[in-house]
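Peer 1: Below is the structure I would like to discuss, written out as structure tokens.
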Amino acid sequence: MQNDPSTDFTYEPLDDAARQIRLLRVELAPDRKGVTGELKAVMLGSRSCPPFTTLSYVWGDRSKPHQILINGRVLKVLRGAWSFIWHIANHQKAVPNCPAPHHWMWIDSISINQDDDQEKGHQVAMMDQIYLKSSRTEVWLHEGAKELKLAIEFIQELADNEKLKSEDQAVKEAEMERLVDEKFKNKWAAINQLLLHPWWQRAWTLQEFILPKDLYFFTQLERREIKNSVAPIGACNNWALRTKGVTLVSDVAWGNLWKRRRLLLYRRDSKHISLAALLAYTPSKAATRAEDRIFSLLALVTDRDLFQTPDYSAGTARVFCNLVEFFIKVHKKLDIICFVTNQNDNADLQLPSWAPDWSCMVGNEGPTPLMASQSSGPVGNFRGGDSFPPHIEYKAAGTSTACASFSANMRQMTCRGVLVGVVDAVGPEVHMSAITQTHNTVPEPSETTQDIHPDDELPPLSEQKALEIMTNISRCIRLDTGDGFEEAHPQEPYTAGFRALCEDAVSGTRDKPKYQLQFHTWFHQMRDVRICGHSLRAISRSLPSAEASPADIHLMAIRFLNVCDYLNRRFFVTDDNNMGMAPRQVQAGDKVYVLQGCNIPVLLRGSSDSGYYKLLGECYLNKFMYGKALELKDRDFEDVVII
């Protein structure tokens, strides 16, 4: 079929007030070498709206479109949509329950005029209703059909396996033991391949997985429902890890499925799902346009009113800035600005420092990636479980509401804040990769700088003061969260574990697990950081041996790695000897502010002599997480301009 420019398909405008959408149906062309079809506008939810299927797929290379005849004119179609259309037009009898020709379909790249930003915004705002009102959604996986067929069949077997559902634990465990046997290796490899398919990385597929009543994974050879088959996969995977020390599917593959399952449970239980939390929970999802990182999630969140109608004409940078402004207006809090902490150094949108760049988030994809993600705050998180013990609630600014204004060009944000500290000394960065798996040693501390500030020139520390300092350091490293996974964690085991780790580092003990050796490296690199005038080594030596159990040591060491390595936070001391944890960029001279309406203190850096600041991210400041800034008599709130 040749493309004749005079017969190119043109879209007629939709009636937004009437909630119109376009539906497509296709059939083979008379010469059986192409596809013809009809595209018509209908009012969604009306009696005249026929039953229709929605399609979820990977768009594919946009530079090499295919062509079909729509309403007698040529329309260019993306490769992913074309392969589905061609398949159902030709081979619907090869797959059970395959959508038949003449069945109406809604396919985003065809049903929406992609060149009309206004129409696109209105259609995206209706997306949840489109998927909810469709008769079913087909997930089209057009590559690797043979392997994917094996995966989908095996997933169905697991879902139908009554022994895996047994209330008799012995029966269930025996069946899991059978399923993790070597003879099932190729089937688990097929599931792994399925869960690593590019479809899982598309931002839009989150809502396309969660919203539909019926969802089918569809290849050229197989069509099955797997939406509710997560539990048996997870059970077998965990069993293999616990009994064999291996996983059946990779962490990335399992995460792709489990995150969607977690969101399904939250939606089913009508739990709060904030846009900021979902953005943080899914940082690696890809989108053709960066602003779709936001717009693709609106149908899933409870604060979707942040964007009444997505505005594609505004540009990505303005959309990201608008999200901050809208969040503050709706929630009366500044907590969303803390997410600049987790963006990488490749940002190219030239955003002001207070606006998170959601197109380049890195690092922690866990349920609670930041302190601002606390359960009680306006951001929220995706922690599992139905109930939790009482949490320590960060409220650095008390119950105050945000007081923020923006310049006309959205380059400046002015808010009210109080200075609570200036960074004086900074601890080292922590990188687990610094210690190899096979070489469990740490470098000897350099003696050339060990005595730059001799501790013996200072009055000796009392045991009480030394214990207070050690407690505060360990409190900083754990970010004083007050809880672990579904159970309360008091401070004492962390303090004991921290003291024991320091003692091991002083003694130079080598025969330790890798994660403890990383702590040794950090300890020795802390030698020039003075805390109340003393080195960490001197403070540790001022105390008797810690009464710490192996569990205490493990607990503190793991928390140390989680915060210092995984979250990439660094210990610091202020000019008035307060301690805290900050993003890796922290340096001496940076300022810690508590802003009105922000539950977490923030780290700011002065911008030349302008009096303006750049935001580096959230930080923990010991003693200032629960409203103490509001009680300071010698410091007043002031205007803080962040650019």
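What follows draws every value from the coordinates through simple rules; no lab data is involved. Note that the coordinates shown come from a computational prediction; the quantities given were computed from them, not determined experimentally. So basically every Cβ, Gly included, is an ideal-geometry build from the backbone, and we count neighbours across all protein chains shown.
Peer 1: Divide by every residue of the chain the summed helix terms, -39500 (n - 2.57) for each DSSP H run of at least 4, and state the resulting mean residue ellipticity at 222 nm, rounded to the nearest 500 deg cm²/dmol.
Peer 2: Values: 18 runs with 199 residues, N = 643.
The helix contribution divided over the chain gives -9500 deg cm²/dmol.
Peer 1: Here's something else I'd like to know. Report the FRET efficiency, 1/(1 + (r/R0)^6), for Gln464 and Ser507, where r is their Cβ-Cβ distance and R0 is 25 Å, rounded to 0.05. Can you show the working numbers first?
Peer 2: Working: r = 24 Å, r/R0 = 0.95.
Once the sixth-power term is evaluated, E becomes 0.60.
Peer 1: Here's something else I'd like to know. For the chain, what proportion of DSSP beta bridges, expressed in % and rounded to the nearest 5, is antiparallel?
Peer 2: Taking every DSSP beta bridge within the chain, about 75 percent pair in antiparallel fashion.
Peer 1: Still on this structure: Listed here are the pairs Lys64/Lys259; Lys64/Lys187; Lys120/Lys146; Lys33/Lys64; which of them are more than 27 Å apart at the Cα?
Peer 2: On the way: Lys64/Lys259 33 Å; Lys64/Lys187 34 Å; Lys120/Lys146 36 Å; Lys33/Lys64 18 Å.
Exceeds cut-off: Lys64/Lys259; Lys64/Lys187; Lys120/Lys146.
Peer 1: Asp115 to Arg584: FRET efficiency via 1/(1 + (r/R0)^6), r the Cβ-Cβ distance, R0 35 Å, to the nearest 0.05?
Peer 2: Numbers: r = 43 Å, r/R0 = 1.21.
The computed FRET efficiency comes out at 0.25.
Peer 1: Would you mind putting 611-622, 575-586 in packing order, based on average other-beta-carbon counts within 10 Å, highest first?
Peer 2: Values: 611-622: 21.9, 575-586: 18.9.
So the peptides 611-622, 575-586, ranked by packing, come out 611-622, 575-586.
Peer 1: Trypsin sites (Lys or Arg not before Pro), restricted to segment 489-554: which are DSSP loop and have at most 13 other Cβ atoms within 10 Å? The partial results should precede the final answer.
Peer 2: On the way: sites: Arg499, Arg510, Lys514, Arg527, Arg530, Arg537, Arg541; in loops: Arg510, Arg527, Arg530.
When the trypsin sites (Lys or Arg not before Pro) of segment 489-554 are filtered for loop state and at most 13 Cβ neighbours within 10 Å, Arg510 remain.
Peer 1: So how do 263-271, 276-284 stack up, highest first, on mean other-Cβ count within 10 Å? Please list the in-between numbers first.
Peer 2: Working: 263-271: 13.6, 276-284: 23.1.
Packing proxy ranking, top to bottom: 276-284, 263-271.
Peer 1: Can you tell me the FRET efficiency between Glu177 and Ser270 if r is taken as the Cβ-Cβ distance and R0 is 51 Å, rounded to the nearest 0.05? Don't jump to the answer; show the numbers that get you there.
Peer 2: Working: r = 38 Å, r/R0 = 0.74.
Here the calculated transfer efficiency is 0.85.
Peer 1: Compute log10 of I(q)/I(0) for segment 145-268 with the Debye formula, placing one identical point scatterer on every Cα and leaving out solvent, at q = 0.15, 0.17, 0.19 Å⁻¹, to two decimals.
Peer 2: After summing over all Cα pairs, the log10 values are -0.69, -0.90, -1.12.
Peer 1: Could you tell me which label, among (1) 29.1; (2) 30.9; (3) 27.8, carries the value of Kirkwood radius over Cα pairs in Å calculated for this structure?
Peer 2: This structure yields the entry labelled (3).
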